[in-house]
Amino acid sequence: LEEEVFCSGEFADVVFRICPAKDQRGDEAKFYGHAALFALLSPVLRDLLRPTAGRAAYLVDNSQLRTTSRGLGYRSTKAKSVADSSLSTAASWGSIVRGTDEGDGWVNVGGRFLPKRISGVPVLTLCKPEVPVLPSGSTSELHKPHLPEICLSEPVTVKGFSEVVRYVYHLPSRLTAPALPEVLATARELELTEFEERVHSWGLHRLGASEQNQNGRPPLREAQDESRVTVGLALRCLDVLTRSPTSDLVSTASARWRDAMLLQLPTAEVLSSPAFIELRSDSMLELLRGEAIHAEPMPLWLACISWARAQAGPALPRRAEQQLSRYIGISRGARLAVPPTPSPDSSAEWQRCLLPLAALIRFDGMDALDFARQAEALDPVLPELSQVIYASRRQRLRAEA
């Protein structure tokens, strides 16, 4: 079965091509499958596999051009007269692609473009209804009919879709901790709810086991064990899980992951991880809704300032970086993950993304000295942010009184 879906495709009726990310090198990967199985499990693939108005099947035809290249290269824009090398993929000659005719000499195939002609020579031929697209049972490559292709790109990855294929055909999983974020992202993108829940549960188990050693809590950021969920991996998984959920079951996945992560991993490691300043704003809000993250409000707030600086490009002022390093207890020789120092004329507009975060920070838990220090880290301070900070502190102090 593995030979069939990963290599030969003798009995397949569809080919899935996975295009590598633009910043990654390597050839595309292809998987052979049976359209009905994938369509029944994934609403996204169902829409791609189901014939719809405006989308048609095209034969990638080299009969007139007679080039020696391996296929017709995809373009990221219509303006490109040659294939975009950053896409690192092409539609093989003799294959069938499904796309929408743009009416200007281009066919849109999943957000990428193929020209209908090159130097006036047709290279895409509209398939007639009688053109066979299903296997005839012949095992000879010369007699194997053309298979329709479904091209998938980010956030679907080769590793992620490989695990999807194993799930669909009930093959043994080969999931590893380093692949966990991209497998979760692939499951979320294809709306495979049950598969996502399985991967999520696997990750929770590994997250709980990541601290099991005789020393208690090892330096997780430097771990290389493929069975261990490091701090960076845990944060990247949280970033995936906070994206639009597809069901009530997965809508709680981010909160469950957050609570397990904060229970198992040292807060200081979380705040100093390079992955922390790469979190999206939705992920930051989800993280701050966790109870355990507020044990030390001062280092948490300084880390939020570092995150906000990273969103705008420049970094924390030097004195704030030193304060944060002291509070979270970074080991000797380690450096806080922050971008370069800002220019002196930077405005306070970068602080605007801190407004929703400040409402969740427990400023009442800071003593007077710490509260004064946090003000030093924001000089000058955005007036609206100052109002939120003081309002939050007063509100919580009144509630306690």
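For the range 366-384, the set of residues classified as within 16 Å of residue 298 (Cα to Cα) and buried (at least 17 other Cβ atoms within 10 Å of the Cβ) consists of 366, 370, 371, 373, 374, 377, 378, listed by residue number.
Summed over the range 29-49, the residues that are part of a loop (DSSP other than H, G, I, E, B) and surrounded by fewer than 19 Cβ atoms within 10 Å (Cβ to Cβ) give a count of 1.
Can you tell me how many residues within the range 179-201 are touching a His at 6+ places or on another chain (Cβ under 9 Å) and acidic (Asp, Glu)? It would help to see each step written out before you state the result.
So in the range 179-201, the residues touching a His at 6+ places or on another chain (Cβ under 9 Å) come out as 184, 187.
From the residues that got through so far, the ones that are acidic (Asp, Glu) too are none.
Going through the range 179-201 one residue at a time, the tally reaches 0.
Got a number for residues in the range 223-245 being of a type in the set (D, E, K, R), at pLDDT below 95 and within 14 Å of residue 185 (Cβ to Cβ)? Even if it seems obvious, please write down each step before you answer.
Step one: filter the range 223-245 for residues of a type in the set (D, E, K, R), giving 225-226, 228, 236, 239, 243.
Restricting the remaining residues to those that are at pLDDT below 95 gives 225-226, 228, 239, 243.
Within this subset, residues satisfying the condition of being within 14 Å of residue 185 (Cβ to Cβ) are 239, 243.
The number of residues fulfilling the criteria is 2.
Residue count for the range 150-172 under the criterion of being in contact (Cβ under 8 Å) with a residue 12 or more places away in the chain and either part of a helix (DSSP H, G or I) or farther than 28 Å from residue 75 by Cβ (or both): the result is 12.
Checking each residue in the range 66-92 for being over 21 Å from residue 32 (Cβ atoms), assigned to a loop (DSSP other than H, G, I, E, B) and at pLDDT below 75 picks out 79, 80, 81, 82, 83, 84. Here residue 52 fulfils each of the conditions (1) buried (at least 16 other Cβ atoms within 10 Å of the Cβ); (2) of a type in the set (Ser, Thr, Tyr); (3) at pLDDT below 75 apart from (1).
Testing residue 360 on (1) farther than 17 Å from residue 291 by Cα; (2) modelled with pLDDT of 85 or more, one condition comes back false. Which one is that? Condition not satisfied by residue 360: (1). Of all residues in the range 119-131, those satisfying the criterion of being within 38 Å of the chain's Cα centre (by Cα), modelled with pLDDT of 85 or more and either at positive phi or buried (at least 16 other Cβ atoms within 10 Å of the Cβ) (or both) are 123, 124, 125.
If you filter the range 93-118 down to residues that are free of Cβ contacts under 8 Å to residues at least 40 places away in the same chain and not in a loop (DSSP other than H, G, I, E, B), you find that the one that is most open to solvent (accessible area, probe 1.4 Å) is 117.
The values are calculated or read from the model by the stated rules, or taken from the named source; none is laboratory data. None of the values given here were measured: they were computed from a predicted structure. All Cβ positions, even for glycine, are placed from backbone atoms using ideal geometry, and neighbour counts span all protein chains on display. Note: accessible area is taken over every heavy atom of the protein model, side chains too, but ligands, DNA and RNA are not part of it. Shrake-Rupley method; radii C 1.70, N 1.55, O 1.52, S 1.80 Å.
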